[in-house]
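The values are calculated or read from the model by the stated rules, or taken from the named source; none is laboratory data. Nothing here was measured: the structure is a model prediction, and the numbers come from that model. Note: ideal-geometry Cβ built from the backbone for every residue, glycine included; neighbour counts use all protein chains shown. These area figures cover heavy atoms from the full protein model, side chains too; ligands, DNA and RNA do not enter into them. Shrake-Rupley method; radii C 1.70, N 1.55, O 1.52, S 1.80 Å.
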Amino acid sequence: MDILLLTFANSESDPLPKLREEDDKTHAVLRERTQQQDFRLEREQFATREKVINLLKAHRQDICLFWYSGHADYRLLQMEDGPANADGIAALLGQCPKLILVGLNGCSTLAQTDALLAAGVPMVIATSDPVDDDVATKFSIAFFTELAKNRRSVREAFESAVKEAQVYGKTTIKAQVRSAGREREPSEDGRYWELVVADKQESLLDSWRLPERKSDVPVNQHLRKALRLLFNTQHGDYNRADAPLDTLLKSLPFTISEPLRNLLAPNDGTRQVFFDRPGPERRSMLLYAYRGIGNFLTYALWSRLWALRAAGKELQNLEPVWNDFRQWLCLNDIREDKRRSLFPVFQRLAWYYHQNGLELPLPELPEALKKMTDHRYQEAFDYLEARLQEPEIGREENWERLCEETEKRLAQVLHCFGFLFRYTLTSIKAIDVEFYMHLSAPIFVHKVVRLQAQTTPWDEQLEKYECYLKTASVLLRPVDNSRKEELYLSPFLIDENAYLRTDKANPYFCMAWHPAQRSFIFRNISRPEDDILTIQEPEPEDIFSETDGEDTGDNFFPLIYGQFNAFCETVFGKNLDEL
């Protein structure tokens with residue numbers, strides 16, 4: 001098994017107060033990965049010359065990373081029992097065939113890189129100048145956090161760690177990544193951490209990550225476990241139910257259940273894309289499912305604000321809410337939508353509700369928000385948010401482990417918001433009126449489609465009420481209809497077929513509004529990868545046009561524009577065109 005060898009050496013005459021913190025916290029960061037048997041960690045807390053020599057000889061065949069923290073200069077590493085000659089350490093490290101990275105987290109170690117590279121070490125992290133103890137500690141902890149928890153490449157972890165260390169630096173701290181054959185960039189001020197890579201080994205900067213064993217956890221095991229637990233709390237005994245998964249998925253709001261259904265559906269041998277095998281497609285669908293939960297919750301909070309303001313509720317200090325909404329809606333490049341998560345916006349919105357004494361639209365939300373602060377759930381959110389920001393192109397991945405870890409975190413988020421099984425979405429497509437002579441009041445007949453997870457097209461149903469609902473809207477309501485208050489999620493969620501007055505349903509969620517092009521961009525919930533709906537403002541009628549000018553009903557821009565504009569004016573007192 002691959003080994004990470006971390007060594008720490010302090011000095012009685014010139015102690016480093018933060019060295020033990022660096023030791024303890026880097027060990028804590030790496031502990032989970034060692035427990036998963038991705039690699040072994042050899043940790044020498046009181047490094048002497050003899051101990052380091054013995055460790056390098058004993059584990060020569062398996063060491064892939066060597067790290068030193070303590071006093072140093074351009075020619076030595078100061079061990080607990082005296083100075084260790086840098087050339088001698090380099091020679092021993094050169095005998096480790098698996099060694100990829102050496103980190104010398106001490107003062108002015110850059111001059112030692114030449115001997116290390118000459119000995120065959122592919123990558124070295126070193127410093128060009130004296131480094132403050134606290135800053136060096138923060139750099140080391142951040143570097144290993146990025147490597148281990150966030151599974152970053154060496155370049156990504158290095159650059160992120162230097163930025164974090166900069167916060168604690170008393171002077172300017174700069175980083176440089178360069179190949180051995182390239183001259184250093186001159187610096188008039190500040191100190192450098194440098195990541196130097198051997199010639200012809202530059203690809204390791206972006207391709208090498210800490211070792212990972214392949215996952216032996218069956219696909220969907222974490223999701224099925226979470227669903228089983230939620231079924232038992234929401235519906236009853238999972239083991240005695242005829243079709244518990246179907247029951248659960250049909251209970252969830254469609255924006256959440258549909259990506260889960262895609263993840264759970266077994267490959268039937270057709271040429272369609274399935275997501276039950278580890279790979280980039282499954283990873284993308286797992287993250288899409290995570291985003292779907294955040295989108296849904298944020299839409300609910302925005303929609304509730306609209307309802308409160310329409311009812312005459314006075315709201316103060318809405319500028320931060322406006323800024324979040326504007327930043328979300330005005331997305332210049334729709335390709336960036338895959339990286340977006342509305343969970344941070346949701347948390348800020350929930351805090352706005354709390355500060356202003358507003359009742360949240362779903363009574364179970366306060367408990368879920370409390371759970372989000374629990375470190376077990378918080379780690380899941382942090383992990384998934386970090387995965388969304390990772391580049392996807394040109395990465396060599398251990399897809400089994402990456403998908404397994406992402407699925408595990410998604411299952412935790414799903415469990416956090418398990419109460420959503422109590423809610424469903426309904427598309428209100430059209431309304432008719434029955435008002436017969438023998439009736440004292442009209443009856444409103446609604447043509448609706450219940451948006452539930454299923455493999456066949458939805459069937460329209462008729463529901464009769466003494467009052468009317470809003471036409472061409474997506475309605476959130478409890479599964480058991482225990483509460484009469486309705487929450488409209490349109491135009492954030494729409495059913496295209498409700499506007500077109502065509503059969504079945506075709507739900508989309510809004511991605512962006514482009515003021516210059518006068519168009520809205522929507523993404524299909526079931527087919528997020530390839531089905532984009534652009535709703536463009538119609539061109540003015542042209543008397544020279546060869547068409548007859550008949551309205552075919554296939555452009556409902558005025559309705560969508562009117563709804564978004566009404567939301568902006570009612571909640572924020574601003575016109576949509578002010579975005």
Students often forget the sequence filter, so: which lysines lie under 16 Å Cα-Cα from Lys225 once same-chain residues fewer than 8 apart are removed?
Lys408
What's the angle, to the nearest 10 degrees (0 to 90), between helix 133-148's Cα axis and the longest principal axis of the chain?
60 degrees
Order these peptides, 252-262, 438-448, by their mean beta-carbon neighbour count within 10 angstrom, highest first.
252-262, 438-448
Probe 1.4 Å, heavy atoms of protein chains only: per residue, the accessible area of the chain in Å² is 48 Å²
From the backbone phi of segment 342-359, what are the Karplus-calculated ³J(HN,Hα) couplings (6.51 cos²θ - 1.76 cosθ + 1.60, θ = phi - 60°) in whole Hz, Gly and Pro given as x?
8, 4, x, 5, 4, 5, 5, 5, 4, 5, 4, 4, 5, 4, 9, x, 8, 7
If you find the alpha carbon centre of segment 3-72 and of segment 73-124, how far apart are they in angstrom?
14 Å
Within the chain, what percent of beta bridges assigned by DSSP are antiparallel, to the nearest 5?
65 percent
Spin-label point model (7 Å from Cα, Cβ direction): what's the Arg326 to Asp503 distance in nm?
4.6 nm
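Check each of the GluC sites (Glu not before Pro) in segment 306-383 and keep only those in coil by DSSP with at most 11 other C-beta atoms within 10 angstrom; list them in order.
Working: sites: Glu314, Glu336, Glu359, Glu364, Glu367, Glu379; in loops: Glu314, Glu359, Glu364.
In loop regions of segment 306-383 (DSSP not H, G, I, E or B), the sparsely surrounded GluC sites (Glu not before Pro) are Glu314, Glu359.
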At 0.36 nm per residue, and after removing the present C-alpha to C-alpha distance, how many nm does the segment from Ala243 to Glu569 gain when stretched out fully?
112.7 nm
Exactly which trypsin sites (Lys or Arg not before Pro) in segment 300-396 are in a DSSP loop and have at most 12 other Cβ atoms within 10 Å?
Lys313
I need the calculated FRET efficiency for the pair Ser526 and Met437, taking r as the beta carbon distance and R₀ as 35 Å, to the nearest 0.05.
0.20
Cα gyration tensor category, rounded, prolate or oblate, for segment 488-535 with a/c compared to 1.5:
prolate
Using alpha-carbon positions, the gyration tensor of segment 122-165 gives root eigenvalues a ≥ b ≥ c; with a/c under 1.5 called rounded, otherwise prolate if a/b exceeds b/c, else oblate, the class is oblate
How big is the accessible area of Ser207 in square angstrom, nearest 10, if you roll a 1.4 angstrom probe over the protein chains?
50 Å²
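How would you classify segment 98-152 from its alpha-carbon gyration tensor, with a ≥ b ≥ c the square roots of the eigenvalues: rounded for a/c under 1.5, else prolate if a/b is greater than b/c, otherwise oblate?
Numbers: a/c = 3.70, a/b = 1.14, b/c = 3.24.
Because a/c hits 1.5 or more and a/b fails to exceed b/c, segment 98-152 counts as oblate.
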Among Val167, Leu195, His27, which residue has its Cα positioned farthest towards the positive end of the charge dipole of the chain, with +1 placed on the Cβ of Lys and Arg, -1 on the Cβ of Asp and Glu, and the dipole taken about the Cα centre?
His27
Using the alpha-carbon atoms, what tilt in degrees (0 to 90, nearest 10) does helix 399-416 show relative to the longest principal axis of the chain?
50 degrees
First compute the accessible area of the chain with a 1.4 Å probe, then give the percent of it belonging to carbon and sulfur atoms.
48 percent
From the phi angles alone, apply the Karplus equation (6.51, -1.76, 1.60; θ = phi - 60°) to segment 252-259 and give each ³J(HN,Hα) in whole Hz, x where the residue is Gly or Pro.
5, x, 4, 4, 9, 6, 5, x
Report, by chain and number, residues whose modeled amide H sits under 5 Å from the one on Ser179, excluding near sequence neighbours (fewer than 5 apart, same chain).
Val197
Which of Lys98/Lys214; Lys163/Lys200; Lys149/Lys371; Lys250/Lys504 have a Cα-Cα distance over 24 Å?
Lys163/Lys200
Based on a Kirkwood Rh over C-alpha pairs, give the Stokes-Einstein translational diffusion coefficient of the chain at 4 °C and viscosity 1.567 mPa s in µm²/s.
47 µm²/s
Relative contact order of the chain: what whole-number percent is it, with Cα pairs under 8 angstrom and at least 6 residues apart?
10 percent
